[in-house]
Amino acid sequence: MKVYIEPIGRLINEFSKLPGVGAKTAQRFAYKVINMSETEAKGFAEAIISAKKNVHYCKVCGNFSEGEICDVCKVRSSDTICVVKEPKDVIAIEKLNEYNGVYHVLHGTISPLDGIGPDDINIKGLLARIAEAGGSVKEVIMATNPDVEGEATAMYITNLIKPLGIKVSRLAHGLPIGTDLEYADEVSLARAFVDRKTL
């Protein structure tokens, strides 16, 4: 005998594919959806479809965008570029209201154990942006996570950029080692940003 009827089992299975969602949480999410009104359920489904259809990567920096170019790249000076691992890190930094430059999203970090090398992340895009800027980039801030992969990526990129005569800085370690930017408290992240150091 099946534990769940097919529609519930399918819904639980789909929720369990999300990161950090175990079997019990997936089950709770599924029951919540089933208990929604039809209008709420349609709104939920439409939000997922709309996000999938309308959210793209900015062709300049790689951040989430509704158009070809994100709002940050449209309005800010590109003399300072903050390099992050994922688009969610941009959101974490933007919440601080401490930074007025642009971003560059790598979409990963160098991790030889996982088979991820420099060519597998968006490093070439960063170098192309710097070259196209024709000397207007004054500083590159390395804001990758303070873990082994984040540090290795920061050092690799630093070694490529420093010979160009551009200042390269790293967020100060007000952030505990192993912490993802997404989960850092705002005070620690703000302090790390203000106290960043030149590499």
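A few remarks follow.
- Helix-derived mean residue ellipticity, 222 nm - over the chain, DSSP H n ≥ 4, -39500 (n - 2.57), to 500: -13000 deg cm²/dmol
- Sorting ILE8, ILE130 by solvent-accessible area of protein heavy atoms yields ILE8, ILE130, largest first, with a 1.4 Å probe.
- Relative to one another, the C-alpha centroids of region 1-35 and region 49-113 are positioned 32 Å apart.
- Net charge, ALA26 excluded, C-beta distance under 15 Å - Lys, Arg +1, Asp, Glu -1: +4
- In a simple Cβ point-charge model (Lys, Arg +1; Asp, Glu -1; nothing else charged), region 4-160 has a dipole of about 400 debye relative to its Cα centre.
- Listed by chain and number, the lysines placed with their C-alpha closer than 24 angstrom to that of LYS24 are LYS2, LYS32, LYS42; residues fewer than eight positions away on the same chain are left out.
- In sequence order, region 103-114 has phi-based couplings of 10, 9, 9, 7, 6, x, 9, 5, 8, x, 5, 9 Hz under the Karplus curve 6.51 cos²θ - 1.76 cosθ + 1.60, θ = phi - 60°, and Gly or Pro positions carry x.
- Shown here for region 1-101: chymotrypsin sites (Phe, Trp or Tyr not before Pro) in loop regions (DSSP other than H, G, I, E, B) with at most 11 other Cβ atoms within 10 Å, of which there are none.
- Solvent-accessible heavy-atom area per residue, rounded to whole Å², over the chain at 1.4 Å: 60 Å²
- Ranked from largest to smallest solvent-accessible area, with a 1.4 Å probe on the protein heavy atoms, SER65, SER78 come out as SER78, SER65.
- The average projected area of the chain, computed from the convex hull of its Cα atoms over all directions, is 14.3 nm².
- Residues MET142, MET36, MET155, sorted by accessible area with the largest first, give MET155, MET36, MET142 [1.4 Å probe; ligands and nucleic acids excluded].
- GNM flexibility winner over the chain from LYS52, LYS17, LYS74 (Cα, springs under 10 Å): LYS17
- Apolar share of the accessible surface for the chain: 56 percent from carbon plus sulfur atoms, 1.4 Å probe.
- Heavy atoms of ILE116: accessible area, 1.4 Å probe, square angstrom to 10: 60 Å²
- Applying 1/(1 + (r/R0)^6) with r as the Cβ-Cβ distance of ALA133 and ASP180 and R0 = 22 angstrom yields a FRET efficiency of 0.15.
- Among ALA23, ALA184, ALA45, the residue with the largest mean-square fluctuation in a Gaussian network model of the chain, with springs joining Cα atoms closer than 10 Å, is ALA23.
- Across the cross-link table entries LYS52/LYS162; LYS17/LYS74; LYS59/LYS138, which are compared at the Cα atoms, the separations over 29 Å belong to LYS52/LYS162; LYS17/LYS74.
The values are calculated or read from the model by the stated rules, or taken from the named source; none is laboratory data. Everything numeric here is computed off the predicted structure, so don't read it as measured data. Note that each Cβ is placed from the backbone with ideal geometry, even for glycine, and that neighbours are counted across all protein chains shown. We work out accessible area using only protein heavy atoms, side chains counted, and drop any ligands, DNA or RNA first. Shrake-Rupley method; radii C 1.70, N 1.55, O 1.52, S 1.80 Å.
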